Every structure is written in C-alpha cells, then in structure tokens.
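A.B. asks: I'd like to ask some things about the structure below.
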Amino acid sequence: NAQGRFVIPPALRKIAKIEGEALVLGMDTRIEIWSREVYDEFMLSQQPVLEEALENFVF
C-alpha cells in the first residue's frame, strides 16, 4: 500500500511463529521474514559455527 507495508496472511504468520515483532532480511533478489524470537534463537544456536568460521577467516 502507500505506506510501504504488506500483509502477511495469518496462516503464514502462524507457520513462521510471528506474533509481534518481525525481521525482514534480504540480499539480492531474496527476502526472509522471521519472528524476532525465532531469529534470535537461531542465531544463538549458530554462534559456535560462526565463531569457528571467523577463526579460520584470513584477513
């Protein structure tokens, strides 16, 4: 609409567990819409993988 908002249908909000705040992440031609809580949990679960990747990264 004119305010730059879009509606996520209730069925999709339920699948994505979006009840309140949501994050919209994008790169190139792809976007992802996450529940803030689910995203935070996912990122915490990935922390060891990210730390290992950073340790092996050559600057």
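A.B. asks: For residues that are at pLDDT below 90 and not basic (Lys, Arg), scanning just the range 4-14, find the one that is least open to solvent (accessible area, probe 1.4 Å). Can you show your working first?
C.D. replies: Initial filter on the range 4-14 (at pLDDT below 90): 4-7.
Those still in the list that are not basic (Lys, Arg) too: 4, 6-7.
On the way: GLY4: 65, PHE6: 125, VAL7: 128 Å².
Only one residue tops the list, namely GLY4.
A.B. asks: Please go through the range 26-49 and pick out each residue that is open to solvent by less than 90 Å² (accessible area, probe 1.4 Å), closer than 24 Å to PHE6 by Cβ and hydrophobic (A, V, I, L, M, F, W, C). So that I can check it myself, show each step before the final result.
C.D. replies: Taking the range 26-49 first, the residues open to solvent by less than 90 Å² (accessible area, probe 1.4 Å) are 26, 32-36, 38-40, 42-43, 45-49.
When the remaining residues are screened for being closer than 24 Å to PHE6 by Cβ, the result is 26, 32-36, 38-40, 42.
Within the range 26-49, ILE33, TRP34, VAL38, PHE42 qualify.
A.B. asks: Would you confirm whether or not the range 33-45 contains a residue that is more than 15 Å from the chain's Cα centre (by Cα) and not in a helix (DSSP H, G or I)? It would help to see each step written out before you state the result.
C.D. replies: The first filter runs over the range 33-45 and keeps only residues more than 15 Å from the chain's Cα centre (by Cα), leaving none.
No - not one qualifying residue is present in the range 33-45.
A.B. asks: If you don't mind, there's one more thing I want to ask. Name the pairs whose Cβ atoms lie under 6 Å apart, with the first residue in the range 30-59 and over 28 Å from ARG13 (Cα atoms), the second part of a helix (DSSP H, G or I) and aromatic (Phe, Trp, Tyr), and 6 or more positions between them or separate chains?
C.D. replies: If the second residue must be part of a helix (DSSP H, G or I) and aromatic (Phe, Trp, Tyr), no pairs are left.
A.B. asks: For the list (1) at pLDDT 90 or above; (2) part of a loop (DSSP other than H, G, I, E, B); (3) open to solvent by less than 80 Å² (accessible area, probe 1.4 Å), I need the number of the one condition that LYS17 fails.
C.D. replies: (3)
The values are calculated or read from the model by the stated rules, or taken from the named source; none is laboratory data. Since the model is a prediction, treat every value here as computed from it, not as a measurement. Don't worry about glycine lacking a Cβ; one is built from the backbone with ideal geometry, like all the others, and counts go over all protein chains shown. Accessible surface is based on the protein model in full, side chains and every heavy atom, while ligands, DNA and RNA are left aside. Shrake-Rupley method; radii C 1.70, N 1.55, O 1.52, S 1.80 Å.
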